[in-house]
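Read through the structure below, which is laid out as structure tokens, and then see the notes.
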Amino acid sequence: METQEISTKSHILAIPFPLQGHINPMIQLCKRLVSKTINVTLVTTASISKSIQIQATNNLINIETVPDSTINENEHLDIYEVFIQSFKASITTGLPEIIQKQNRNSVFHYKAILYDSLIPWTLDIAREQGLKGAVLFTQPCTVCSVFYHLGKGTLEIPHDENTEVSLPSMPVLRLKDLPSHVYDMSSYPSLLRLLIDQFSTFEKADWRLFNTFDKLEDEILKWMANQYPILTIGPMIPSMYIDKRLQGNYDYGLSFFKPNSDESCMKWLDTKEDHSVIYISFGSLINLVEKQMNELYKGLINTGYNFLWVVKDPKESKLPQDFISNHPTEQGLIVNWCAQLEVLSHRAIGCFITHCGWNSTLEALSLGVPMVAMPQWADQTTNAKLIADVWGVGVRVKSDENGIISREEIVACVKNVMEGERGIEMRRNAMNLKDLAIESVGEGGSSDKNVTDFVMELLSS
Ligand SMILES: O=c1ccn([C@@H]2O[C@H](COP(=O)(O)OP(=O)(O)O[C@H]3O[C@H](CO)[C@@H](O)[C@H](O)[C@H]3O)[C@@H](O)[C@H]2O)c(=O)[nH]1
């Protein structure tokens, strides 16, 4: 059902949570919906919209902005709560106005709102406007189900690090395999509440979509589907890096971007041997502490391998001065941002040292790149468990008593992934998952079929 024809009858509003790790998969899903005849209006705040790149040729996804709101900060609100409440104020005021304005325009006929699971209150707006609601979960089902159990009171949090947590259809988890907000409840209680609240509209929503695929999280997905019907639609990465079915506008037209993305790294990678380079990135939010930066830097040098390292703000990065002044070296290149999918699909990449954000994890899996898992917080700890112990596509670093990963540990982990029998096995497992990822979004695959079913239901509603 790929068609260029634009239906004037079926239109949805997509509301991503305003962070890159959430906007990216939402945009990719929107592109898939557009390729199957649904019109999409993506709504975000004026400030966030500046980070969304739309090519001039793209008229398939409409972007509407709502004014930014600021709420009064007071001592009872942490920084995340201020961020979340400001966004809520913007959308709650602006979204109904957009719907009413567009409803007067006969081209638009809204059927539903597609919203991130972190903003469940959007369903109330949908209902008030007579629209259906589809909730999109942007973290793995394994992680989401931990919060599901927490909300239902069916997860007992262990008191020590060695007690095993057994939840239905889940791998056995120890304390530090749970999402960090669960064992570190004191830091940012607002975030824990937000994560549990993801399920507050689970029963009421008309569709529940997950950015994962059936063969990746088979058992827990079946369990979740037994609670309520769900649709797996992932991995939501640009078609050109996975199934290559979407062409032109459908795939290139819209993306979240960071200015100053450094393209020199592709030329640098071209000069390197196959599978010889370590790629290091900690996503869009994490900054490492100075001691960790130093250990990572020394560890990378000591591996002897070439490395390409994304350091968001190199001047503020706390990197050793001798490296900064001699950079770039023969061995290592630092960029402040890169086209990660382009890098991961380059033949020279041998392994990915990652913070295990879900998008980075899915991107590495979909491109068959084995990983060194260096989780920092949130879902990343559980994603690291999946990478190392469930899928066998990487190793997870061990930290010392102060939470620092030593240079020796970094060297050992990189060598484990890049060399020897274990390394070969991890690459083989990664390549198998790559095939399954392609199959799932390819024509007739489980995720493709679920997107089609979603579209058919929208069209007939
Ligand atoms: O130089 C870079 C570095 C990153 N990226 C992209 O940035 C995104 C990063 O997303 P992700 O790996 O999910 O990390 P975060 O930005 O940290 O995402 C947040 O949101 C995710 C989805 O909820 C969670 O899984 C993470 O833990 C949370 O930190 C990916 O698409 C990368 O391809 C680039 O394009 N260039």
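The values are calculated or read from the model by the stated rules, or taken from the named source; none is laboratory data. Just so it is clear, the model here is predicted, and its values are computed rather than measured. Ideal geometry is used to build each Cβ from the backbone, glycine not excepted, and the neighbour counts take in all protein chains shown. Ligands, DNA and RNA are stripped out before the accessible areas are found, and what is left, the full protein with its side chains, is counted by its heavy atoms. Shrake-Rupley method; radii C 1.70, N 1.55, O 1.52, S 1.80 Å.
Applied to the range 280-288, the Karplus parametrisation 6.51 cos²θ - 1.76 cosθ + 1.60 on θ = phi - 60° returns per-residue 3J(HN,Hα) values of 10, 8, 10, x, 8, 10, 7, 10, 7 Hz, with x for Gly and Pro. Using the Cβ of Y188 as centre and a radius below 10 Å, the other residues enclosed give a net charge of -2, where K and R count +1 and D and E count -1. Taking 18 Å as the cut-off, the amide N atoms of the range 263-300 that come nearer than this to a point 7 Å along the Cα-to-beta-carbon line of N336 belong to 263-266, 281-288. Only lysines eight or more places from K101 in sequence, or on another chain, were considered; those with a Cα closer than 29 Å are K9, K31, K36, K50, K88, K111, K132, K204. Measuring only protein heavy atoms, the 1.4 Å probe finds D243 accessible over about 20 Å².
Compared with the dominant principal axis of the Cα atoms in the chain, helix 420-441 is inclined by about 10°.
For the range 267-337 versus the range 122-153, the spacing of their alpha-carbon centroids is 38 Å. Kindly state, to the nearest 0.05, the FRET efficiency for Q247 paired with I63, given R0 = 30 Å and r defined as their beta-carbon distance. Between Q247 and I63 the formula returns 0.90. The solvent-accessible area of F282, taken with every protein chain present and a 1.4 Å probe, is close to 10 Å².
In the chain, what % of DSSP beta bridges are antiparallel (nearest 5)? In the chain, DSSP labels about 10 percent of beta bridges as antiparallel.
Nearest 10 degrees, 0 to 90: what angle lies between the long axis of helix 20-35 and the longest principal axis of the chain (Cα atoms)? Compared with the principal axis, the helix lies near 50 degrees.
Give the ranking of K449, K415 by solvent-accessible surface, highest area first, calculated with a 1.4 Å probe.
K449, K415
Annotation: amide H-H contacts under 5 Å for G394 (H modelled 1.01 Å from N, sequence separation of 5 or more, or interchain): M371. 3J(HN,Hα) couplings calculated from phi for the range 394-402 with the Karplus curve 6.51 cos²θ - 1.76 cosθ + 1.60 (θ = phi - 60°) are, in sequence order, x, 10, 10, 5, 10, 9, 7, 5, 9 Hz; Gly and Pro show x.
Taking K and R as +1 and D and E as -1, what net charge do the other residues with C-beta under 15 Å from the C-beta of R127 add up to? Can you show the working numbers first?
On the way: positive: K111, K132, K204; negative: D124, E128, E203, D206.
So the environment of R127 carries a net charge of -1.
Applied to the range 108-113, the Karplus parametrisation 6.51 cos²θ - 1.76 cosθ + 1.60 on θ = phi - 60° returns per-residue 3J(HN,Hα) values of 9, 9, 6, 10, 7, 10 Hz, with x for Gly and Pro. For I405, the residues whose amide H sits under 5 Å from its own are D400, ignoring neighbours fewer than 5 places away on the same chain, with H placed 1.01 Å from N. Whats the longest run of the chain with zero GluC sites (Glu not before Pro) that are DSSP loop and have at most 15 other Cβ atoms within 10 Å? My reading of the result: 76-155 is the longest stretch.
Given just the C-alpha atoms of the range 262-437, how large is their convex hull per residue in cubic angstrom?
Dividing the Cα hull volume of the range 262-437 by its residues yields 107 Å³.
Between the amide H of F307 and those of I278, G332, L333, distances stay under 5 Å, these residues lying 5 or more places away or on another chain, with hydrogens modeled in the peptide plane.
For the chain, the longest principal axis of the C-alpha atoms and the axis of helix 446-460 are separated by about 20°.
Placing unit charges on C-beta atoms (Lys and Arg positive, Asp and Glu negative, everything else neutral), compute the dipole magnitude of the chain about its Cα centre in debye, rounded to 20.
The calculation lands at about 900 debye.
Using the Cβ of K415 as centre and a radius below 12 Å, the other residues enclosed give a net charge of -2, where K and R count +1 and D and E count -1.
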